[in-house]
Amino acid sequence: MTTTAAPDSRFAAARQVADAVLFEGYVLYPYRASAAKNRLRWQFGVLVPPVWGTAHAEHSFQRTELVMEPRGAATLAVELRFLHAQRRTVEEARGDGSYEAVPELHLPDRVLVPWDEGTEEQVDMTVSVAELTAGEVTLAFARPARTETEPVLGPDGRERGRLVRRAERIDGVLRLRAEELDVPYRAFKLTAVVENTSAWTPEADGADRDEALPRSLVAVHLLLGLDSGSFLSMTDPPEWARAAVAACENRHTWPVLAGEPGRADVVLSSPIILEDHAAIAPESAGAMYDATEIDEILALRTAALTDREKREARGTDARAAAVIDLADSMPPEVLERLHGAVRALREITHPGAPDGPPAAPGSLADEAVFRPETPWWDPAHADPADPARDRILIDGASVGAGSRVLLRPGLRRTDAQDLFLHGRTAQVEGVLHDVDGGVHLAVTVDGDPGADIRREQGRFLYFQPDEVTPLEDT
């Protein structure tokens, strides 16, 4: 087993996605420390000290389990990556050579404020599969406490103050083992556990999460690579391995095949659920630290910040400053590239027809959508559609605005949010017809404290007639 290694070239493509995981939510638009969303940080993959985790129901470990097929005398390369939060305070210089902590230090180009920075940390290990099958392989690691100062100079070169960065000690351990599986081919279940082993205990009962974060591993994830052999997809394994994959237990992380499509020798185990072979969009011009947003929107909003807001953002964090500079300097042709992209084109005729593509799994059959005999847009139809007055027959009962119904979301075409409402009662606010002839019921759920606001704004939930059961109107 070796614990230091040169950067593994196999991880190059996967590391782009891993970097997005590492910094997801690190600093969010508008990229200022004063923004409410930037006061509650470090939400993904946080492994806290065990004592704190037990008292506050947070995790101190994560476990990855997956199936691999090593060939010959294969070795496994592991990169454990995380952020170490360090606390930055701002001190203003006094004329007598002393310093005083201040909430803000104004400079012409930025406003420096206290902030928790994240330093990238990495633990490397290379171990043979033979060692992993012989018993558990353990690698303990630590990052010592430290204090660093950085002088802050004004435009004239004179010292205006200093930044003081304090990092607390963190301790952890990486545990690896492999068990051969009883399957038709030579395959093993690989288990990788990352654990925060810090002995830190809060000095006061009222200590908050901010005290635990500097002693935590943040945005923890693993890159795993075989030099000979492959891993199996956790979402699309071969038939012979389905039972073995289903028996894998992943806690607080999820492994996916990484790197270029078609290869299976690299895995990214991430606290953010991804798909196999996830990739950064080639149109992205730089890190925006919010992969769930749209780069074009973030770039436009960032460019529209006031000069004072940009000064504060630049003083918040060096990465935030880079985002401001990126938005300000982005050429029009680069911005245009962010305005949507078509990844693939194919001809669509009639799904399922002999000369057309097969119907997609889970696609809706014609009978899945309720359609009236007479389209509402038919010019011969005497009465135009009116959601407030229209009524429809469901199970022999007339249902319209004011009717009460029992919600029964259909599995064929619904999402998780609708399924949460199964069995709830609701009031119909209107009957709506779409341009394809489908009928939908706009409803507000009984007991929803925001129902009046929904009515005022016209923001309802929508169900089809076969997804509700009429109740006796009251």
Item to check | Residues that are more than 32 Å from the chain's Cα centre (by Cα), open to solvent by less than 60 Å² (accessible area, probe 1.4 Å) and of a type in the set (Gly, Ala, Ser), drawn from the range 130-154 | outcome: Gly135, Gly154
Item to check | Pick from the range 415-426, criterion open to solvent by 60 Å² or more (accessible area, probe 1.4 Å) and either in contact with a helix residue (DSSP H, G or I) (Cβ under 9 Å, 6 or more places away or on another chain) or in a helix (DSSP H, G or I) (or both), ranking: farthest from Ala451 (Cα to Cα) | outcome: Leu419
Checklist entry - Does Gln62 count as within 19 Å of the chain's Cα centre (by Cα) and surrounded by fewer than 19 Cβ atoms within 10 Å (Cβ to Cβ)? => result no
Checklist entry - Does at least one position in the range 398-412 carry a residue that is modelled with pLDDT of 85 or more, assigned to a loop (DSSP other than H, G, I, E, B) and among the aliphatic types (A, V, I, L, M)? => result yes
Checklist outcome for this item: Pairs returned, first residue in the range 427-445 that is more than 17 Å from Ile394 (Cβ to Cβ), second residue that is of a type in the set (A, V, I, L, M, F, W, C) and surrounded by fewer than 16 Cβ atoms within 10 Å (Cβ to Cβ), beta-carbon separation under 8 angstrom, 6 or more apart or interchain, are Val435/Trp377
Item to check | Close pairs from the range 113-133: first among the acidic types (Asp, Glu), partner assigned to a strand (DSSP E or B), Cβ under 6 Å, at least 6 apart | outcome: Asp116/Ala85; Asp116/Arg87; Glu117/Gln86; Glu117/Arg88; Glu121/Phe82; Glu121/His84; Asp124/Glu79; Glu131/Val137
Next on the checklist: List pairs: first residue in the range 134-159 and over 15 Å from Leu217 (Cα atoms), second residue exposed (fewer than 10 other Cβ atoms within 10 Å of the Cβ) anywhere in the structure, Cβ distance under 7 angstrom, at least six positions apart or on different chains.
Outcome noted: Pro155/Pro108
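Conditions (1) closer than 29 Å to Val78 by Cβ; (2) outside any helix (DSSP H, G or I), marked per residue:
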{"position": "His277", "(1), (2)": "yes, yes"}
{"position": "Ala281", "(1), (2)": "yes, yes"}
{"position": "Glu293", "(1), (2)": "no, yes"}
{"position": "Leu300", "(1), (2)": "no, no"}
Checklist outcome for this item: Matching residues in the range 21-57 (under 21 Å from Ala204 (Cα atoms) and either assigned to a loop (DSSP other than H, G, I, E, B) or more than 21 Å from the chain's Cα centre (by Cα) (or both)) number 10
Checklist entry - Hey, among the residues in the range 241-270 that are in a loop (DSSP other than H, G, I, E, B), of a type outside the set (D, E, K, R) and in contact with a helix residue (DSSP H, G or I) (Cβ under 9 Å, 6 or more places away or on another chain), which one's modelled with the highest pLDDT? => result Ala258
Checklist entry - Restricting attention to the range 155-164, does a residue exist that is modelled with pLDDT of 95 or more, open to solvent by 50 Å² or more (accessible area, probe 1.4 Å), of a type in the set (Gly, Ala, Ser) and more than 27 Å from Thr2 (Cα to Cα)? => result no
Checklist entry - Restricting attention to the range 116-129, and to residues there that are open to solvent by less than 70 Å² (accessible area, probe 1.4 Å) and over 13 Å from Ala77 (Cα atoms), which single residue is nearest to the chain's Cα centre (by Cα)? => result Gly118
Item to check | Enumeration of residues in the range 309-337 that are open to solvent by 30 Å² or more (accessible area, probe 1.4 Å), more than 23 Å from the chain's Cα centre (by Cα) and not hydrophobic (A, V, I, L, M, F, W, C) | outcome: Glu309, Arg311, Glu312, Arg314, Asp325, Asp328, Ser329, Pro331, Pro332, Glu333, Glu336, Arg337
Next on the checklist: When the residues of the range 165-174 are narrowed to those that are open to solvent by less than 70 Å² (accessible area, probe 1.4 Å) and part of a strand (DSSP E or B), which ends up farthest from Arg87 (Cα to Cα)?
Outcome noted: Leu174
Item to check | Selected residue [open to solvent by less than 40 Å² (accessible area, probe 1.4 Å), over 19 Å from Glu179 (Cα atoms) and in contact with a strand residue (DSSP E or B) (Cβ under 6 Å, 6 or more places away or on another chain)] from Ala244, Ala264 | outcome: Ala264
Checklist entry - Would the range 78-99 turn up any residue that is of a type in the set (Gly, Ala, Ser), open to solvent by less than 60 Å² (accessible area, probe 1.4 Å) and under 26 Å from Glu249 (Cα atoms)? => result no
Item to check | Checking Gly53 against (1) touching a Gly at 6+ places or on another chain (Cβ under 6 Å); (2) surrounded by fewer than 20 Cβ atoms within 10 Å (Cβ to Cβ), the condition it does not meet | outcome: (1)
Checklist entry - Can we say Asp210 is assigned to a helix (DSSP H, G or I) and at pLDDT below 95? => result yes
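Tell me yes or no: at least one residue of the range 136-158 is within 30 Å of Arg263 (Cβ to Cβ) and not in a strand (DSSP E or B). Full working, then the answer.
Within the range 136-158, the subset within 30 Å of Arg263 (Cβ to Cβ) is 136-139, 141.
The next check asks that each one be not in a strand (DSSP E or B); those that pass are 136.
Yes; the residues of the range 136-158 include at least one that is within 30 Å of Arg263 (Cβ to Cβ) and not in a strand (DSSP E or B).
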Checklist entry - For the range 174-192, does any single residue satisfy the condition of being of a type in the set (Phe, Trp, Tyr), modelled with pLDDT of 95 or more and under 27 Å from Arg242 (Cβ atoms)? => result yes
Next on the checklist: Looking at the structure I just gave you, is Glu104 of a type in the set (Asp, Glu), under 22 Å from Cys248 (Cβ atoms) and in contact with a strand residue (DSSP E or B) (Cβ under 6 Å, 6 or more places away or on another chain)?
Outcome noted: no
Next on the checklist: Can you tell me which condition Val183 does not meet? The list is (1) in a strand (DSSP E or B); (2) touching a residue at least 60 places away in the same chain (Cβ under 8 Å), and all the others hold.
Outcome noted: (1)
Checklist entry - Which members of the range 252-261 meet the condition of being surrounded by fewer than 20 Cβ atoms within 10 Å (Cβ to Cβ), in contact (Cβ under 8 Å) with a residue 60 or more places away in the chain and more than 13 Å from Phe44 (Cβ to Cβ)? => result Glu260
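The values are calculated or read from the model by the stated rules, or taken from the named source; none is laboratory data. Keep in mind that what you see is a predicted model, and the values were worked out from it rather than measured. We place every Cβ from the backbone using ideal geometry, glycine too, and count neighbours over all the protein chains shown. The protein model used for the area step is the full one, side chains on, heavy atoms only, and it has no ligands, DNA or RNA in it. Shrake-Rupley method; radii C 1.70, N 1.55, O 1.52, S 1.80 Å.
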